[in-house]
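Only one structure is covered here, and it is reproduced in the block below.
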Amino acid sequence: MNLDLSLKQANIDDAEEINSLINLAYRGNDGWTKETDIVEGERSNIEDVNYLIKNQNTYLLTAKTDGDLVACICIEEKENKAYIGSFAVSPDQQNIGVGKKILELAEKYASKKLGVTEFVMVVISQRKELIEFYERRGYKRTGKIDNYPVYLNVGVPSVKGLTIEYLAKNTYKLARGQP
């Protein structure tokens, strides 16, 4: 796999493919990022993806290899912070460094384009391996935990007590070219 990836801002023509990728990565049967054991239903819908593409405060970015969508990631600018979400890597491209590379490119993009001071992301608290992945990338647990947001229409918990946790990373080192 060639990890010479780059990010490109999505357009409306990409929406269906992005929506399919997000649902495959989160709610499909393959890959280590799937949530099928703890959440039922779709992770995204076409209306949500179109909103992310059209919203002036969000940057939905895609990465393709040989014309095929392999990853997407969204950055939403709010209060001098970059909220990272809708981060999906095709299951057949997981565990080979694609996710790490996409996250790094998205952080550089947000730092340079938006001048934010902090990256924030929300992860299901019970996804220990995913939290550990982000911690290895410099994210810290903030201690802020909320109930799973069923009202956002991102699926319904199939286990009791599902929560979400906020992780944050200061952009200070990144802005100075440090890991």
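The values are calculated or read from the model by the stated rules, or taken from the named source; none is laboratory data. All figures in this text were calculated on a predicted structure; none of them were measured in a lab. No Cβ is skipped: glycine too gets one built from the backbone with ideal geometry, and neighbour counts run over all protein chains shown.
Of the residues E107, E118, which single one is crowded, with 17+ Cβ neighbours inside 10 Å and out of contact with any Gly (no Cβ under 7 Å at 6 or more places or on another chain)?
Just a single option satisfies the conditions, and that option is E107.
Does the stretch 56-97 hold any residues that are without any contact (Cβ under 8 Å) to a residue 12 or more places away in the chain and of a type in the set (S, T, N, Q), and which are they?
Q56
Enumerate the pairs (first residue in the stretch 13-39 and in a helix (DSSP H, G or I) and surrounded by fewer than 19 Cβ atoms within 10 Å (Cβ to Cβ); second residue anywhere and of a type in the set (S, T, Y) and at pLDDT below 95) with beta-carbon separation below 9 Å, excluding pairs fewer than 6 apart on the same chain, so at least 6 apart or on different chains.
These pairs meet every condition: R27/T36.
Would it be correct to say that I96 is of a type in the set (A, V, I, L, M, F, W, C) and either under 27 Å from E16 (Cβ atoms) or not in a strand (DSSP E or B) (or both)?
Numbers: of a type in the set (A, V, I, L, M, F, W, C): yes; either under 27 Å from E16 (Cβ atoms) or not in a strand (DSSP E or B) (or both): yes.
In short, yes.
Out of everything in the stretch 73-89 that is in contact with a Leu (Cβ under 6 Å, 6 or more places away or on another chain) and under 19 Å from W32 (Cα atoms), what residue ends up being surrounded by the most Cβ atoms within 10 Å (Cβ to Cβ)?
A88
Pull up the stretch 139-152, narrow it to residues that are more than 14 Å from G85 (Cβ to Cβ) and at pLDDT below 95, then point me to the one that is surrounded by the most Cβ atoms within 10 Å (Cβ to Cβ).
Of the residues in the stretch 139-152, the ones more than 14 Å from G85 (Cβ to Cβ) are 140-148, 150-151.
The next check asks that each one be at pLDDT below 95; those that pass are 150-151.
Details: V150: 13, Y151: 7.
Within the stretch 139-152, the match that is surrounded by the most Cβ atoms within 10 Å (Cβ to Cβ) is V150.
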